[in-house]
Amino acid sequence: MSDCCITSALELIRTTFPGLDCDVSEYVEGVLRENAEHFDSYRDVHDAIGDLLSGFSSGVSDSEITDLCRSIHKLMSPQDSKPQETTLDAPIHMASLLENFSGKVVDNKSIWMAKREISSVVDSKKLEKAEAKLKEKQEKKGLGIKSGTLYSSNCSKTVDNEEDFATVNQQIDRRDINASLDASGRHVGDIRLENFDIFYGSRVLLEGANLTISYGRRYGLIGRNGFGKTTLLRALARRDLHLPAGLRILHVEQEMAGDSTPALESVLQADTERAALLAELSRLQLSQTIPNGLQEAQDSEDRSGDKMAQIYARLAAIEADKAPARAAVILCGLGFDPEMQVSFISSC
């Protein structure tokens, strides 16, 4: 942009606004010089300096400011700077160019040319064969079969559960296997699951779904009955979906049988590792109280002591002492007050 055009535009502004302050004039000049190449229309000029000039208007209407911006744009966009049409030396045959281009393309199945034409990674023929074999085995045992129980993923994992006949497919990103682990090996970052499908028999619950759980936030699943909320939670709890390493999941079933178990204890029972460690610790402590021969008792006590030391170390690693507090926080978030947390499930 030539200085002549900028100077002419500034003279036009000073003529329209004779009382314009010197500082404002210098500011407008800087705006025009820095953005001259980006003014595609008079509206861009108006957006840049129109509001500023309207604040110093002394009897100048908005329409006059708009006309001023039109004039400035014409001064800063001379006709010779616009691209001009030129006549080609020879005609261009698009069909021949397309043929030449097609001949040069060797492999159109690269990752850059790939299109998502198949919505699932499951081989339907292999799936049918696997279900047929499973049905045949169960018929031989006299169990029969209710519906498809094959879980298919990149890991070729099979799940056979009478309560949940869901099929899960997932595209696994190997880069996230050991990501975001702290010094103790626990996962502390966000959770991202990409491109997974969940089927219930022949019904598609989720297809090509992505799930992102941000670290430190709480989430809830909202949807009508039968849309797959519980199925998704079960898939996460059973690790049918590939999850980052160092992640622990506790899943409380939607419906629980009413008994004399306190609500807080029912949540703690969902931590199967903690429950198993405490049960083994109680068994070892009980075995030490049973009288045996002197030498046998000494050997048994040594073995039990080593085993108990390992159990205590594991309990410390999983922070088992903080489990009741974590369970209380979960119940509090579900609306359980302290009195309800210690009440029996049958009375809740």
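Please treat every number below as a calculation from the coordinates, not as lab data. Everything numeric here is computed off the predicted structure, so don't read it as measured data. In this analysis, Cβ positions are derived from the backbone assuming ideal geometry, glycine residues included, and neighbour counts consider all displayed protein chains.
Data for the structure
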| read-out | value |
| --- | --- |
| Convex hull volume per residue for the stretch 202-255, taking Cα atoms only, in Å³ | 123 Å³ |
| FRET efficiency estimate (nearest 0.05) - Cβ-Cβ, Thr289 to Arg238, R0 51 angstrom | 0.85 |
| Extension gain (nm, one decimal) between Ala317 and Ala275, 0.36 nm per residue minus Cα-Cα | 13.7 nm |
| Residue-count net charge about Ala263 - beta-carbon cut-off 12 Å; Lys, Arg +1, Asp, Glu -1 | -4 |
| Net charge of neighbours whose Cβ lies under 9 Å from the Cβ of Gln170, counting Lys and Arg as +1 and Asp and Glu as -1 | -3 |
| Stretchable slack from Val60 to Ala325, in nm (0.36 nm times residue separation minus alpha-carbon distance) | 88.4 nm |
| Cβ-derived FRET efficiency at R0 41 Å, Leu211 paired with Ala132, nearest 0.05 | 0.80 |
